[in-house]
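Peer 1: Please read through the structure below; I'll follow up with questions.
The values are calculated or read from the model by the stated rules, or taken from the named source; none is laboratory data. A quick note: this is a predicted structure, and the numbers were derived from the prediction, not measured. Neighbour counts are summed over all protein chains in view; Cβ atoms, including those assigned to glycine, are modelled from backbone coordinates with ideal geometry. Only protein heavy atoms, including side chains, enter the accessible area calculation; ligands, DNA and RNA are left aside. Shrake-Rupley method; radii C 1.70, N 1.55, O 1.52, S 1.80 Å.
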Amino acid sequence: MLVAGVDSSTQTCKVTVRDLATGMRVREGKASHPSSTIVHPDAWWNALLTAVRRAGGLDDVVAISVSGQQHTPVFLDAAGDVVCESPLWNDTESHSQMVDLNNELGREEWIRRTGLPLTLSDTVTKVRWLRDTNPEAAGRTAAVAVVHDWLTWRLMGYGPGTGGLGQLITDRSEASGTAYWSSETGEYCFDLFEHAFGKSALLPRVLGPLDTAGVTGAGIPGIPAGIPIGIGSGDNAAAALALGLTEGDAVLSLGTSGVVYAKSSTPTHDYAGYVCSYADATGVHLPLVATLNAARNFDLGAALLGCSYTELSNLALQATPGANGLTLLPYFEGERTPDLPNARGSLHGASLTNFNRPNFARAVIEGTLASQVAMLDTLRDCNVNSHRLLLIGGAAESPAVQRILNQMVDIPVVVPEFDEYVTKGAAMQAAVALTGSLPTWQVAVAELPPAPVEAQIVEQHAAAKTMLGYTEAKSDQLTR
């Protein structure tokens, strides 16, 4: 028997069909999403249908589930029509709304109530953004979902003109990324939502880890009607599920964003303002820290050097640790951790002797990884300690990324075999909808050889941040 997992990510929609017994990939299809940071949700639905078609259709599939980008809202009217385009989690226009919400209720109140140091990525800031920038659309909004919720609802046969808002569902991981739900109580904080939006709206029902969303509706191209739909989850929760994450493990995922997270039996309240206390897909917690800038830095580096990703990696490995003093702060699109929405990328320490192709390639990779290693440190500051680091994401296959990361951390680094872990986690949730329990699918990993820590890499980046005034007390919001 076959099950399907969907990953509606920031950049693409991926559909993977897997064997129910083993989790092995049988076939897959992909479709691109628009590159802008404000997108009409129809683009995500159309991409899903295209990815299904490119995967050969799902007529032989017995269950399906969706995972996707967290936070990004979909605004619906009473008839089930999309009200307006959606600001993505990485759209920075909502920074002023984040500042306003923190000022109005107090930054610590959001952390105490929801476990989230409020960021411009959280759904609640996007809700306030719509209220402030398009009050007419806000007035017509009857329900607010996130991408995974809305796509699941569409798979159930609902959509424009159908109503059925009461059938919107979500899971704990997605609810925990809204900043109006508490992972401690398992309940929405409706007053926080209404404070941000200025009115009430219907919010999706939060289902448990072993619940089923429903069944597929009729007339969806390439997808048979009446097959069970898994509850789904946010992308990081799905990947953690697929990796079989246990306490003591940390994951570094290098995709559009950089994400570091770990599994924890208890929620986190980081009053320093970095760690988000998300929920996972099994019923416990997934404390997480994220950056806006990650793998796209490598796209930029390769483009500027006129080389392939393989050549970028080879060039970086020709340079010594620290790139002979050349240091890149990769805040090309502003940054979320630390809170630097108006910052931009900057190159430091360039000289006639060190400004060459190998050093620049290494500086791009070191700068990107330095931001990620700093996030691992913030988890430790919250007593979320790890004895192993799992490296995943599209950039994880780079030999330079592997070797340089291994020189920057003091715990073993392991690289799981390459897979689409978000679609795999979603497929596991599809299996739950069919069988009532999570399947046990094995993951092969390779541990990197031990390497001495090269402290100068992190020291150079700390010095560059200090020089630009980017080093601040954690309790302050830096809006430089």
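Peer 1: Just checking, which of Ala281, Ala316, Ala290, Ala272 is in contact (Cβ under 8 Å) with a residue 12 or more places away in the chain, part of a loop (DSSP other than H, G, I, E, B) and surrounded by 18 or more Cβ atoms within 10 Å (Cβ to Cβ)?
Peer 2: Details: Ala316 fails: part of a loop (DSSP other than H, G, I, E, B); Ala290 fails: part of a loop (DSSP other than H, G, I, E, B); Ala272 fails: surrounded by 18 or more Cβ atoms within 10 Å (Cβ to Cβ).
Ala281 is the lone residue from the list that is in contact (Cβ under 8 Å) with a residue 12 or more places away in the chain, part of a loop (DSSP other than H, G, I, E, B) and surrounded by 18 or more Cβ atoms within 10 Å (Cβ to Cβ).
Peer 1: Look at Gly57 and say whether it is farther than 23 Å from Pro204 by Cα and in contact with a Gly (Cβ under 9 Å, 6 or more places away or on another chain). So that I can check it myself, show each step before the final result.
Peer 2: Details: farther than 23 Å from Pro204 by Cα: yes; in contact with a Gly (Cβ under 9 Å, 6 or more places away or on another chain): yes.
Yes.
Peer 1: Go through Ser475, Ser437, Ser398 for me and flag whichever is at pLDDT 95 or above and under 30 Å from Gly349 (Cα atoms).
Peer 2: On the way: Ser475 fails: at pLDDT 95 or above; Ser437 fails: under 30 Å from Gly349 (Cα atoms).
Within the list Ser475, Ser437, Ser398, the selection yields Ser398.
Peer 1: While we're here: Can you pull out the residues in the range 1-31 that are touching a strand residue (DSSP E or B) at 6+ places or on another chain (Cβ under 9 Å), among the hydrophobic types (A, V, I, L, M, F, W, C) and not in a strand (DSSP E or B)?
Peer 2: Correct list: Met1, Leu20, Met24.
Peer 1: What do you reckon, is Arg54 of a type in the set (D, E, K, R), touching a residue at least 60 places away in the same chain (Cβ under 8 Å) and touching a strand residue (DSSP E or B) at 6+ places or on another chain (Cβ under 7 Å)? Give the steps one after another, and end with the answer.
Peer 2: Values: of a type in the set (D, E, K, R): yes; touching a residue at least 60 places away in the same chain (Cβ under 8 Å): no; touching a strand residue (DSSP E or B) at 6+ places or on another chain (Cβ under 7 Å): yes.
Answer is no for this residue.
Peer 1: For residues that are assigned to a loop (DSSP other than H, G, I, E, B), free of Cβ contacts under 8 Å to residues at least 40 places away in the same chain and out of contact with any Pro (no Cβ under 8 Å at 6 or more places or on another chain), scanning just the range 412-427, find the one that is surrounded by the most Cβ atoms within 10 Å (Cβ to Cβ). Walk me through how you get there before you give the answer.
Peer 2: Just the residues of the range 412-427 that are assigned to a loop (DSSP other than H, G, I, E, B), to begin with: 412, 417-420.
Checking which are free of Cβ contacts under 8 Å to residues at least 40 places away in the same chain leaves us with 412, 417-418.
So of that shortlist, the ones also out of contact with any Pro (no Cβ under 8 Å at 6 or more places or on another chain) come out as 417-418.
Numbers: Glu417: 9, Phe418: 11.
Checking each candidate, the answer is Phe418.
Peer 1: Taking Asp42 and the conditions (1) buried (at least 21 other Cβ atoms within 10 Å of the Cβ); (2) more than 16 Å from Glu420 (Cα to Cα), which numbered condition does it fall short on, given that it satisfies the others?
Peer 2: Here Asp42 clears every test but (1).
Peer 1: I've got another one for you. If I filter the range 185-213 down to residues being part of a strand (DSSP E or B) and out of contact with any helix residue (DSSP H, G or I) (no Cβ under 7 Å at 6 or more places or on another chain), which single residue comes out as nearest to Leu130 (Cα to Cα)? Reasoning before the result, please.
Peer 2: As a first pass, look at the range 185-213 and keep what is part of a strand (DSSP E or B): 187-188, 202, 205-207, 212-213.
Within this subset, residues satisfying the condition of being out of contact with any helix residue (DSSP H, G or I) (no Cβ under 7 Å at 6 or more places or on another chain) are 187-188, 205, 207.
Working: Glu187: 24, Tyr188: 20, Arg205: 22, Leu207: 27 Å.
Here the answer is Tyr188.
Peer 1: Which one is surrounded by the fewest Cβ atoms within 10 Å (Cβ to Cβ), of the residues in the range 163-189 that are at negative phi and among the hydrophobic types (A, V, I, L, M, F, W, C)?
Peer 2: Initially, the range 163-189 is screened for residues at negative phi, giving 165-178, 180-185, 187-189.
Now drop any that are not among the hydrophobic types (A, V, I, L, M, F, W, C), which leaves 165, 168-169, 175, 181, 189.
Values: Leu165: 20, Leu168: 23, Ile169: 23, Ala175: 27, Trp181: 28, Cys189: 18.
The extreme case among them is Cys189.
Peer 1: For the range 227-277, how many residues are more than 25 Å from Ala431 (Cβ to Cβ) and of a type in the set (Asp, Glu)?
Peer 2: Within the range 227-277, residues that are more than 25 Å from Ala431 (Cβ to Cβ) and of a type in the set (Asp, Glu) number 1.
Peer 1: To continue, here is another question. Identify all residues within the range 72-89 that are assigned to a loop (DSSP other than H, G, I, E, B) and surrounded by fewer than 24 Cβ atoms within 10 Å (Cβ to Cβ); write none if there are none. Reasoning before the result, please.
Peer 2: First pass over the range 72-89, keeping only residues assigned to a loop (DSSP other than H, G, I, E, B): 72, 77-81, 83-85, 88-89.
Once the filter is applied, which keeps residues that are assigned to a loop (DSSP other than H, G, I, E, B) and surrounded by fewer than 24 Cβ atoms within 10 Å (Cβ to Cβ), the range 72-89 yields Asp77, Ala78, Ala79, Gly80, Asp81, Val83, Cys84, Glu85, Leu88.
Peer 1: Filter the range 12-26 down to the residues that are open to solvent by 10 Å² or more (accessible area, probe 1.4 Å) and in contact with a Lys or Arg (Cβ under 9 Å, 6 or more places away or on another chain) and list them by number.
Peer 2: The initial filter retains those residues of the range 12-26 that are open to solvent by 10 Å² or more (accessible area, probe 1.4 Å), namely 12, 14, 19-22, 24-26.
Matches in the range 12-26: Thr12, Lys14, Asp19, Met24, Arg25, Val26.
Peer 1: Looking at the range 60-70 only, could you name the residues that are open to solvent by 10 Å² or more (accessible area, probe 1.4 Å) and closer than 28 Å to Leu203 by Cα?
Peer 2: To start, the set of residues in the range 60-70 that are open to solvent by 10 Å² or more (accessible area, probe 1.4 Å) comprises 60, 62, 70.
Residue satisfying the conditions is Gln70 alone.
Peer 1: Next question. If a residue must be within 18 Å of the chain's Cα centre (by Cα), in a helix (DSSP H, G or I) and closer than 20 Å to Pro338 by Cβ, how many such residues does the range 105-145 contain?
Peer 2: Counting residues in the range 105-145 that are within 18 Å of the chain's Cα centre (by Cα), in a helix (DSSP H, G or I) and closer than 20 Å to Pro338 by Cβ gives 1.
Peer 1: Taking Val15, is it farther than 21 Å from Ala281 by Cα, among the aliphatic types (A, V, I, L, M) and in contact with a helix residue (DSSP H, G or I) (Cβ under 6 Å, 6 or more places away or on another chain)? Lay out the reasoning, then the answer.
Peer 2: Working: farther than 21 Å from Ala281 by Cα: no; among the aliphatic types (A, V, I, L, M): yes; in contact with a helix residue (DSSP H, G or I) (Cβ under 6 Å, 6 or more places away or on another chain): yes.
It is false that Val15 is farther than 21 Å from Ala281 by Cα, among the aliphatic types (A, V, I, L, M) and in contact with a helix residue (DSSP H, G or I) (Cβ under 6 Å, 6 or more places away or on another chain).
Peer 1: For the subset of the range 215-262 comprising residues that are touching a Phe, Trp or Tyr at 6+ places or on another chain (Cβ under 9 Å) and under 19 Å from Leu20 (Cα atoms), which member is surrounded by the most Cβ atoms within 10 Å (Cβ to Cβ)?
Peer 2: Filtering first and then ranking leaves Ala238.
Peer 1: Got a sec? Which of Ala323, Ala295 is open to solvent by less than 10 Å² (accessible area, probe 1.4 Å), among the aliphatic types (A, V, I, L, M) and in contact with a helix residue (DSSP H, G or I) (Cβ under 7 Å, 6 or more places away or on another chain)? First the steps, then the outcome.
Peer 2: Details: Ala295 fails: open to solvent by less than 10 Å² (accessible area, probe 1.4 Å).
After ruling out the rest, the residue left standing is Ala323.
Peer 1: Any residue in the range 377-389 that is surrounded by 20 or more Cβ atoms within 10 Å (Cβ to Cβ) and in a strand (DSSP E or B)?
Peer 2: yes
Peer 1: Quick one: would you say Gly334 is modelled with pLDDT under 95, small (Gly, Ala, Ser), over 22 Å from Tyr309 (Cα atoms) and surrounded by 17 or more Cβ atoms within 10 Å (Cβ to Cβ)? Talk me through it step by step, then tell me what you get.
Peer 2: Values: modelled with pLDDT under 95: yes; small (Gly, Ala, Ser): yes; over 22 Å from Tyr309 (Cα atoms): yes; surrounded by 17 or more Cβ atoms within 10 Å (Cβ to Cβ): yes.
Against the criterion (modelled with pLDDT under 95, small (Gly, Ala, Ser), over 22 Å from Tyr309 (Cα atoms) and surrounded by 17 or more Cβ atoms within 10 Å (Cβ to Cβ)), Gly334 qualifies.
Listed here are the residues, each with its yes/no results for (1) crowded, with 18+ Cβ neighbours inside 10 Å; (2) free of Cβ contacts under 8 Å to residues at least 24 places away in the same chain; (3) under 23 Å from the mean Cα position of the chain (by Cα).
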| site | (1), (2), (3) |
| --- | --- |
| Glu366 | yes, no, yes |
| Ser371 | yes, no, yes |
| Gly393 | yes, no, yes |
| Gln429 | yes, no, yes |
| Ser437 | no, no, no |
| Trp441 | yes, no, yes |
| Pro449 | no, no, no |
| Val453 | no, no, no |
| Thr471 | no, yes, no |
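Peer 1: Looking at Leu210, Leu151, Leu192 in this structure, which one is open to solvent by 10 Å² or more (accessible area, probe 1.4 Å) and either touching a residue at least 40 places away in the same chain (Cβ under 8 Å) or out of contact with any Leu (no Cβ under 9 Å at 6 or more places or on another chain) (or both)?
Peer 2: Details: Leu151 fails: open to solvent by 10 Å² or more (accessible area, probe 1.4 Å); Leu192 fails: open to solvent by 10 Å² or more (accessible area, probe 1.4 Å).
Only one candidate qualifies: Leu210.
Peer 1: Since Ala31 meets every condition but one in (1) over 22 Å from Gly230 (Cβ atoms); (2) open to solvent by less than 30 Å² (accessible area, probe 1.4 Å); (3) hydrophobic (A, V, I, L, M, F, W, C); (4) free of Cβ contacts under 8 Å to residues at least 60 places away in the same chain, which condition does it not meet?
Peer 2: Only one criterion in (1) over 22 Å from Gly230 (Cβ atoms); (2) open to solvent by less than 30 Å² (accessible area, probe 1.4 Å); (3) hydrophobic (A, V, I, L, M, F, W, C); (4) free of Cβ contacts under 8 Å to residues at least 60 places away in the same chain is unmet by Ala31, namely (1).
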